[in-house]
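Student: Structure below; questions to follow.
The values are calculated or read from the model by the stated rules, or taken from the named source; none is laboratory data. Bear in mind that the values here come from a model prediction, so they are computed numbers and not experimental data. For neighbour counting, all protein chains shown are included, and Cβ atoms are generated from backbone atoms with ideal geometry for every residue, glycine included.
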């Protein structure tokens, strides 16, 4: 069965510091992986996705993630945090290439301190 | 591109009434739409998957007679919460994908906050 685990429900960084949000998955087939961001009382916005090809994926707002098959990981990083990055972040994996159903991690709240 | 809207953004209703939530893909044709429910401080829970012109597929534990889903066109899906009760209060989010031969990205609507009194 496919699943997603986000390590750390709450991450706090100082403005300008490195952001690292961890995501590990389990999948019996090649995964398709996504990172979404959610601001309060809003829907989800796609940050980036990995389907095939280059394992280092660049997304919007300076975020990037690297697919590491050997570690079954897809961690999200940003070199320098901005106050506007404070939000909820969800890692997700598609569980079926036919239905496109996503399974989400538990979410990580990113707090950015001035 | 890839904009999904939801209407209304919030609704308050009395217990026992029905509420309809609309989900529209504004600039693409959505062969598949998904409905999620999100409780405070929690992740999204998939309720059902709907394909245009066919019956929705509900996840285990989701009452299909309570949460009626209609996907009448390639740009519109509706979720009707029938005989709503306070425990149905939640944040409902839809998403849409254009489909295709490879797993496609889901684009999410802004969500609808339902409060049942």
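Student: Which condition does residue A:66 not pass, out of (1) more than 10 Å from chain B (Cβ to nearest Cβ); (2) under 26 Å from residue B:37 (Cβ atoms), if it passes all the others?
Tutor: (2)
Student: Also, quick follow-up: Only one residue in B:52, B:87, B:63 is buried (at least 17 other Cβ atoms within 10 Å of the Cβ), more than 9 Å from chain A (Cβ to nearest Cβ) and either out of contact with any strand residue (DSSP E or B) (no Cβ under 7 Å at 6 or more places or on another chain) or modelled with pLDDT under 90 (or both), so which one is that?
Tutor: B:52
Student: Just the residues that are free of Cβ contacts under 8 Å to residues at least 60 places away in the same chain and under 21 Å from residue B:116 (Cβ atoms), please, taken from segment B:71-97.
Tutor: B:78, B:79, B:87, B:88, B:89, B:90, B:91
Student: Return the residues of segment A:86-114 that are part of a strand (DSSP E or B) and either in contact with a helix residue (DSSP H, G or I) (Cβ under 7 Å, 6 or more places away or on another chain) or free of Cβ contacts under 8 Å to residues at least 12 places away in the same chain (or both); say none if nothing qualifies.
Tutor: A:110, A:112 - these are the residues of segment A:86-114 that are part of a strand (DSSP E or B) and either in contact with a helix residue (DSSP H, G or I) (Cβ under 7 Å, 6 or more places away or on another chain) or free of Cβ contacts under 8 Å to residues at least 12 places away in the same chain (or both).
Student: So is residue B:6 within 10 Å of another protein chain (Cβ to nearest Cβ), surrounded by 13 or more Cβ atoms within 10 Å (Cβ to Cβ) and at pLDDT 95 or above or not?
Tutor: The answer is yes for residue B:6.
Student: Identify the residue in segment A:60-85 that is at pLDDT 95 or above, in contact with a strand residue (DSSP E or B) (Cβ under 6 Å, 6 or more places away or on another chain) and part of a loop (DSSP other than H, G, I, E, B) and, among all such residues, is surrounded by the fewest Cβ atoms within 10 Å (Cβ to Cβ).
Tutor: Looking at residues that are at pLDDT 95 or above, in contact with a strand residue (DSSP E or B) (Cβ under 6 Å, 6 or more places away or on another chain) and part of a loop (DSSP other than H, G, I, E, B), I get A:63.
Student: Here is a further query. For segment A:41-63, how many residues are touching a helix residue (DSSP H, G or I) at 6+ places or on another chain (Cβ under 9 Å) and either farther than 22 Å from residue A:103 by Cβ or within 14 Å of chain B (Cβ to nearest Cβ) (or both)?
Tutor: Qualifying residue count, segment A:41-63: 6.
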